[in-house]
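Working notes for the structure below.
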Protein chains: 2
Amino acid sequence: VAWLEEELLEQPEALRRFLERRTDDVRGFASSLLEGRDVRYLLIASRGSSSNAARYAQYLLGGANRLPAAFAAPSLYTLYEDSPRLDGALAVGISQSGRSPDVTSVIEEARRQGRPTLAITNNEDSPLGRAAELVLPLEAGEERAVAATKTYLNSLAAVALLSAALADDDERLQQLQRIPERVGHQLERSFEDADRVDRYREVSGATVVARGMCYGTAFEIALKIRELSGLLVEAYSPADLLHGPIAGIAPGWPVLVVAPSGPTLESVREIVSHVRARGARVLAISDDAPLLRQVDTPLPLVHGVPEWLAPLVAVVPGQVTALRLATLRGLDLDRPAGLTKVTLTR
Amino acid sequence: VAWLEEELLEQPEALRRFLERRTDDVRGFASSLLEGRDVRYLLIASRGSSSNAARYAQYLLGGANRLPAAFAAPSLYTLYEDSPRLDGALAVGISQSGRSPDVTSVIEEARRQGRPTLAITNNEDSPLGRAAELVLPLEAGEERAVAATKTYLNSLAAVALLSAALADDDERLQQLQRIPERVGHQLERSFEDADRVDRYREVSGATVVARGMCYGTAFEIALKIRELSGLLVEAYSPADLLHGPIAGIAPGWPVLVVAPSGPTLESVREIVSHVRARGARVLAISDDAPLLRQVDTPLPLVHGVPEWLAPLVAVVPGQVTALRLATLRGLDLDRPAGLTKVTLTR
């Protein structure tokens, strides 16, 4: 069995471990991140899968905590002479390895400027972990496959935990504790449905579409399929797609929508009509029965997951699809051609 | 002649008109945007080409004015219950038409919260123009082709003018005044070189890569080719590409790098080696002679443009390439299939 598949299946356990070990901790330090620190917004530094967890943070903390998020432009910290003044920022670095110099540079600069800094990483004893004032370890255990799975899911859990702890919201903290079990059920369900994507084995790429909480999920699914199969997979919000890029959707092109029930469902339903009108084949990750019936390839979500936690479950059918397509194509699941586990960019 | 081609050629004149009419104005109001308003960061709302001008603003104002930028997630303002608290924000809406409801919603909310708001639009008398406290009209004249050209370039000029005025930097204001002439020379040069891309007429897509000031230029060139030709064109920074998505670069795939001289050139040069190792064909928009000699298809930039203004010139070879490829493919330049000039998204 490939590490990738093992790590995929380990996700419920890794999530449970993270929540058991870190919930009290985060409840303890959450208030210290904001109180007396004049925090107006989050500044997030990340790359790769961690940037998709950052996208979740933008929506979740923007709505539930009413805290806007900015994504750092690392080259302003590493290549250009003057880096931004960070008054008002709570700086958060997200990195599985904690070793990417550009992400660390942003956190170092924020700390130099006296701002509160938090590292979310699977490796406490890393340059990023050492640079930040506070560290939230991901507790995912060693991840050996190049493509991130359990570290990604635990990064989402870290964001969810941080949001609920900052809001001191007991109901949400309880909902979060039930997520490992839902992820377990979703894995079972998605492995049962895996062969539904076999008809797409010869495609050259796909477009993944989602909005709001699951916007980052679309990017993560696109990245996972792309990393494992070398296909040209991209992600868009429905609104961004309509502002021009929809021109690239040709007849037969697969469009995968991520559409959990909630405020963004209608917007995703509309984009399905638009891409269908262009002849696209549509796959849907959803718990909405009418939408699932309407598309070419339904990839059902388990029920009973609150919308704010949907990204932790909705990525699973995408991960399983990525695994399936790469397997059908006879590729090395653990070491995709030309990629390395730790990428050091400045 | 297509409107698109007319409007492309009108760009130097449209830029000159904008600078003549608006320089004093912006110098006058710039300080009022910040003074006494407790501004810590920019919050930018935009879609489509305007989002690529927003990317320029993130780098230019982040470096030259040391002001960080966040991109608004419009669905937080239109679909979700609670929108972010905007203490510390200077909210900027960028929209050619001024009519996209989601962009307007962000500016309305910022104004409700008592924040300073600025609309950058080609249509003062639009919902966006009316929502903001201050309006900076683009003065581009009517744009009839669906794909934005002169309104995009004038949006970049608006960002550049705002940055130089906020810094009260006379030298930069003078450099900006010389840009319309440089754009004119670049248009001449790029039309002379246009047939260099004819060998790419049968491609199904491309990847455009740039970093720093020209990061948004990569997205704008990708969007322009995609809108006009329906090809699958995408954009990445070199660092983001290395963190996984490079897996999608197959042998023969065209990679266009935007690489003006300056702090990001080395980083772009490195990515050229990486994608070449994967068998990509490389095109380069650059004024660096060694890089131009090294690639399959050189698209030279005129000399003498300071790096902070490079995006206003570096997009031109991309626009001309987009026009050329669509012409070779026999497509309607002014009304690409399925697109509309004004896109109303919520």
Between helix A:49-64 and chain A: long-axis angle, C-alpha atoms, 0 to 90°, nearest 10: 80
Nitroxide proxy distance, nm - points 7 Å out along Cα→Cβ at A:R130 and B:Q174: 4.8
Cα→Cβ-extended label distance, 7 Å offset, between A:E6 and A:D332, nm: 1.7
Net charge dipole size for the protein assembly as shown [Lys, Arg +1 and Asp, Glu -1 on Cβ; Debye, nearest 20]: 660
Net charge over other residues, Cβ less than 12 angstrom from the Cβ of B:L325 (K, R count +1; D, E count -1): +3
Near-label residues of the stretch B:95-130 by backbone N, under 19 Å of a point 7 Å along Cα→Cβ of B:D25: B:95-99, B:117-130
Net dipole in debye of the stretch A:168-278 [+1 Lys, Arg Cβ; -1 Asp, Glu Cβ; about Cα centre; nearest 20]: 480
For residues of A:77-86, the mean tally of beta carbons on other chains within 10 Å: 6
Accessible surface of B:D25 - all protein chains present, 1.4 Å probe, nearest 10 Å²: 60
Loop-resident sites, the stretch A:90-169, for trypsin sites (Lys or Arg not before Pro), counting at most 13 other Cβ within 10 Å (DSSP): A:R144
Helix axis angle, A:310-328 relative to chain A longest principal axis, alpha carbon, degrees: 60
Probe 1.4 Å, all protein chains present, accessible-area order of A:H185, A:H243, A:H303, largest first: A:H303, A:H185, A:H243
Part-to-part distance (alpha-carbon centres) for the stretch B:208-284 and the stretch B:101-122, which is given in Å: 33
Cβ neighbours within 10 Å from other chains - mean over B:225-232: 5
Solvent-accessible surface (1.4 angstrom probe) belonging to B:S50, in square angstrom, nearest 10: 10
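Once the Cβ-Cβ distance between B:Q294 and A:K341 is put in as r, and R0 is 35 Å, what FRET efficiency do you end up with, to the nearest 0.05?
Numbers: r = 30 Å, r/R0 = 0.85.
That pair, B:Q294 with A:K341, gives E of 0.70.
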0 to 90° range, to nearest 10: angle between helix A:265-277 axis and chain A longest Cα axis: 40
Charged-residue dipole, Cβ positions (Lys, Arg, Asp, Glu), chain A about Cα centre, Debye nearest 20: 680
Amide H contacts under 5 Å for A:I44, placed H, 5+ residues apart: A:A70, A:F71, A:A72, A:V92
Base-10 log of normalised Debye intensity for chain A (one unit scatterer per alpha-carbon) at q = 0.10, 0.15 Å⁻¹: -0.57, -1.28
Approximate spin-label separation B:H303-A:E192, in nm, with each point projected 7 Å along Cα-to-Cβ: 7.0
Solvent-accessible area of B:S105 with every protein chain in place, 1.4 Å probe, in Å² to the nearest 10: 30
Sulfur and carbon atoms: percent of accessible area, the protein assembly as shown [1.4 Å]: 44
Solvent exposure ordering (accessible area, 1.4 Å, most first) of B:W253, B:W3: B:W3, B:W253
List A:R115, B:R324, B:R85, ordered by accessible area with a 1.4 Å probe, largest first: B:R85, B:R324, A:R115
Relative packing of peptides A:269-276, A:73-80 - highest average C-beta neighbours within 10 Å first: A:73-80, A:269-276
3J(HN,Hα) from dihedral phi, the stretch B:248-262, Karplus parametrisation 6.51/-1.76/1.60, rounded to Hz, x for glycine, proline: x, 8, 9, x, x, 5, x, 10, 9, 9, 10, 9, x, 4, x
Cα Rg over Rh - the stretch B:253-320, Kirkwood: 0.95
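The values are calculated or read from the model by the stated rules, or taken from the named source; none is laboratory data. Not measured: the values here are computed from a predicted model. Quick reminder, even Gly has a Cβ in these numbers, built from the backbone with ideal geometry, and neighbours come from all protein chains shown. Surface accessibility is based on the protein's heavy atoms, side chains included, excluding ligands, DNA and RNA. Shrake-Rupley method; radii C 1.70, N 1.55, O 1.52, S 1.80 Å.
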